[in-house]
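First up is the structure itself, then whatever we jot down about it.
Derivation of every value follows stated rules applied to the coordinates shown; laboratory data play no part. Because the structure is predicted, anything quoted here is derived from the model rather than measured. Virtual Cβ from ideal backbone geometry, glycine too; neighbours counted across all protein chains shown.
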Amino acid sequence: MSQPIRLRVNGQTHQAELEPEMPLLYFLRNDLALNGPKYGCGVRQCGACMVLLDGKAQPSCVIPVDQAQQHDIETLESFGTPDDPHPLQRAFVEEQAAQCGYCLNGAIVCAQALLAVNPAPSDTEIREALERVLCRCGTHSRIVRAVARAARTQNAD
């Protein structure tokens, strides 16, 4: 049975009549047209659907909308724009850290969560932060280099 759900996404409050158990991912993509988070597996195994929930990377495919109500939700769309990309986005381009691009949402979101608490992570710490993100194209080493580059760039500012 639908009920009023109120969610704060990318700094804006949205209210809708939703099934409380509906996955947050569906609301983000279908109702708000935010296509950064992707549907990959639906069981928190691939990382394609990652969002920041109160600054922590979380899989939106398994979080019911009613449980997301008390949290600040950020999607990839809040990070930067094509004209003014976020340092992580810029670093991913500079390191050519994408092939198909399906994992990029999860990689960038997980990297942002890491850099928020550890501005100078080691390669091992970067790999651990990205553990929940599957890249089927095999660009893992470029992704790690991109996160390290973004960290250096942010620390130089």
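Note on Arg44 and Glu17: with the Förster distance fixed at 35 Å, the Cβ-Cβ geometry gives a FRET efficiency of about 0.85.
The HN-Hα couplings worked out from phi for segment 6-17 by the Karplus form 6.51 cos²θ - 1.76 cosθ + 1.60 (θ = phi - 60°) are 10, 10, 9, 10, 6, x, 10, 8, 10, 10, 7, 8 Hz, whole numbers, x standing for Gly and Pro. Under the convention that each Lys and Arg Cβ holds +1 and each Asp and Glu Cβ holds -1, the size of the dipole of segment 1-67 around its Cα centre is about 300 debye. Taking the average, over residues, of other Cβ atoms within 10 Å as the packing measure, peptides 41-53, 133-145 rank 41-53, 133-145 from highest down. Other residues within the sphere of radius under 11 Å centred on the Cβ of Met50, judged by their own Cβ, net out at +3 (K and R +1, D and E -1). With neighbour counts taken as other beta-carbon atoms within 10 Å, the residues Phe92, Phe79 rank, fewest first, as Phe79, Phe92. For the chain, a simple Cβ point-charge model (Lys and Arg +1, Asp and Glu -1, everything else neutral) yields a dipole of about 460 debye relative to the Cα centre. Labels on offer are (i) 18.2, 64; (ii) 13.9, 39; (iii) 15.5, 52, and the one holding Rg and Dmax of the Cα atoms in Å computed from this structure is (iii).
Computed packing ranks the peptides 16-29, 111-124 as 16-29, 111-124, most packed first, by mean other Cβ atoms within 10 Å.
For segment 31-43, the Karplus equation 6.51 cos²θ - 1.76 cosθ + 1.60, evaluated at θ = phi - 60°, returns couplings of 8, 9, 6, 9, 9, x, x, 10, 8, x, 10, x, 9 Hz by residue, with Gly and Pro reported as x.
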